Amino acid sequence: MKISYNFRIDTAYYKCVVDRYYRQKPILLHLPVQFGILGLIIAAWLTLATKASTGSDALVPLVVGASVFVAGMFVTRMGILLRFKSRAEFGQEVAVVISDDGVEASGQHIQGKWQWAAYPRSVRFADGILLMRAGTIRWLPDAAIQNGTADNATALVASKTNLRRMA
């Protein structure tokens, strides 16, 4: 059985990749949680350091903490997207075929074939499959399926990797 995908690697694709990657991680490793905790720690430290005792005195530490939360998430996401945008395949069409033999990707700047052992873990989302290994992730959106079905892709990936399902 072969399932074929065809999609463009662009900003929308990479935003989805980043979102799915963080969603599959434990809750403490989600960006909003990480920067929320950091913002609260900074706000609490500033409150104690300035000995803020009234509501107006506590406003500055809260604003700084909220700024760390918002700016940290924004800068981290933008840094990740800028890193992806610098890749040669950005903006190009890519064809990916998954089969019993493995994963094969081809495009103007991509040519590769990997055995399933290269992607030991995967996560099934409502809109696609995230294949993962240390340092590498590959997002296969259901909307990009050209040949086969999402159910066939899920069954194939589940038979070859340790598949988790996310809502």
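Nothing in this text is a laboratory measurement; each read-out follows from the coordinates by a stated rule. Keep in mind that this is a model prediction, so the values were computed, not measured. Virtual Cβ from ideal backbone geometry, glycine too; neighbours counted across all protein chains shown.
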When residue 25 is run through (1) in a helix (DSSP H, G or I); (2) out of contact with any Ser or Thr (no Cβ under 9 Å at 6 or more places or on another chain), the failure sits at (1)
Can you confirm whether region 92-99 contains a residue that is in contact with a helix residue (DSSP H, G or I) (Cβ under 7 Å, 6 or more places away or on another chain) and either outside any strand (DSSP E or B) or under 27 Å from residue 150 (Cβ atoms) (or both)?
yes
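Residue by residue, here is whether (1) touching a residue at least 60 places away in the same chain (Cβ under 8 Å); (2) of a type in the set (Lys, Arg); (3) in contact with a strand residue (DSSP E or B) (Cβ under 6 Å, 6 or more places away or on another chain) holds:
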{"residue": "66", "(1), (2), (3)": "no, no, no"}
{"residue": "97", "(1), (2), (3)": "yes, no, yes"}
{"residue": "104", "(1), (2), (3)": "no, no, yes"}
{"residue": "125", "(1), (2), (3)": "yes, no, no"}
{"residue": "128", "(1), (2), (3)": "yes, no, yes"}
Does residue 38 qualify as being farther than 27 Å from residue 148 by Cβ, surrounded by 16 or more Cβ atoms within 10 Å (Cβ to Cβ) and of a type in the set (A, V, I, L, M, F, W, C)?
no
In region 77-104, anything of a type outside the set (A, V, I, L, M, F, W, C) and within 16 Å of the chain's Cα centre (by Cα) is listed as 77, 79, 83, 85
Taking region 133-164 and keeping only residues that are without any contact (Cβ under 8 Å) to a residue 60 or more places away in the chain, in contact with a strand residue (DSSP E or B) (Cβ under 6 Å, 6 or more places away or on another chain) and in a strand (DSSP E or B), one is left with 138, 162, 163
